[in-house]
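The values are calculated or read from the model by the stated rules, or taken from the named source; none is laboratory data. Predicted, not measured: the structure shown is a model, and the values here were computed from it. Backbone-built Cβ (ideal geometry, glycine too); neighbour counts: all protein chains shown.
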Amino acid sequence: MNSAELLQFVASGLQNGAVYALVALGFTLVYASTGIINFAQGEFFMLGGMLAVAGVRAGLPLPFAALASVVLTASIGLLFERVALRPRRDSGPTVLIIITIGGSMVMKSLARHAFGPNELSLPPFSPGVPIVFAGASIDRQVLWIWGLTIVAVVALTFLYSKTKLGRAMRACSLSHDAARLMGIDTARVVMISFGLAAALGALGGVAVAPLTQTAFDVGSRAGLKGFAAAILGGLGNPIAAVVGGLVLGLLESLSVAFISSTYKDAISLVVLLAVLFLRPQGLLGKSRREKV
């Protein structure tokens, strides 16, 4: 294998890793405010791509269709939290996690009936020939994925460290009761977290749809990869989510280069199990929670 081929695999890994990172950021947002894992996050990814395609087919310009899909998916996330989770918020983490799994199944089924079982395509954001760098070919859409990931992680880092809402999210993650005693509207914080997580998932779905197409069942795979990335990096930290996504993407791509494409999807499960056994807090996570 020459250097150009290796660079091509690295570029492919960073492309997939950026998508995993966007999904992982959604997991991180919800976990940071509730302490639970939202297994419906993958379906927000799916809805982003599907709704964007529906918007384009309805006659909307691509930028407006993409923006509308993110806004609509965020609204679905808000509605999901309000209708399905909030009435059972005192039932404990296990019940809430099961509800998110059920919500994922419902969204997947509704999407199949609404959009059909076939794969759908979305036009690229920037049409044109791929960019060649050091012998590796990089699709222009990949640059959009990288750029959107960078913007998302910078915005979330600022949110967590510099805003009252971010500190409220961290406080809610530690203890909802203590947060309420400090005057924090925990219900509002959780609802906003779900809306932002849904928007991030939709952003990933819209960005990747021109490259891989989209369908009603793409959410399950994206959710698994995003969850593995979030665990690998360390839940609750946007930077860690991005690092986890990029590392997972590179591991998958390099496994194709040096082992076999047969084992590509198994890498996520192997990494997830290895981290849970050897370092449950993730690569950048801390074994003890910080006080807020």
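Out of curiosity, is Ile267 touching a helix residue (DSSP H, G or I) at 6+ places or on another chain (Cβ under 7 Å) and free of Cβ contacts under 8 Å to residues at least 40 places away in the same chain?
yes
What number of residues within the range 161-192 are in contact with a Phe, Trp or Tyr (Cβ under 9 Å, 6 or more places away or on another chain), in contact (Cβ under 8 Å) with a residue 12 or more places away in the chain and over 21 Å from Leu79 (Cβ atoms)?
Final tally of qualifying residues: 3.
Quick check: anything in the range 75-94 under 25 Å from Ala241 (Cβ atoms), out of contact with any helix residue (DSSP H, G or I) (no Cβ under 8 Å at 6 or more places or on another chain), assigned to a helix (DSSP H, G or I) and among the β-branched types (Val, Ile, Thr)?
yes
To keep it simple, each residue is scored yes or no on (1) within 15 Å of Gln41 (Cβ to Cβ); (2) at pLDDT 85 or above; (3) aliphatic (A, V, I, L, M); (4) not in a helix (DSSP H, G or I).
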position	(1), (2), (3), (4)
Leu165	no, no, yes, no
Ala171	no, no, yes, no
Ile192	no, yes, yes, no
Leu200	yes, yes, yes, no
Gly205	yes, yes, no, no
Ala209	no, yes, yes, no
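Name the residues in the range 80-120 that are surrounded by 14 or more Cβ atoms within 10 Å (Cβ to Cβ) and polar (S, T, N, Q), would you?
Result: Thr100, Ser104.
Residues Ala11, Ala4, Ala54: which one is out of contact with any helix residue (DSSP H, G or I) (no Cβ under 6 Å at 6 or more places or on another chain) and within 17 Å of Met107 (Cβ to Cβ)? Give the derivation first.
Values: Ala11 fails: within 17 Å of Met107 (Cβ to Cβ); Ala4 fails: within 17 Å of Met107 (Cβ to Cβ).
Residue meeting the stated conditions: Ala54.
Within the range 10-40, which residues are within 14 Å of Leu248 (Cβ to Cβ), touching a strand residue (DSSP E or B) at 6+ places or on another chain (Cβ under 9 Å) and among the hydrophobic types (A, V, I, L, M, F, W, C)?
Scanning the range 10-40 gives a single hit, Val10.
Show me the helices (runs of 4 or more DSSP H) entirely contained within the range 212-285 in which 1 or more residues are charged (D, E, K, R) and at pLDDT 80 or above.
Details: elements: 218-233, 238-258, 264-278.
Here the list reads 218-233, 238-258.
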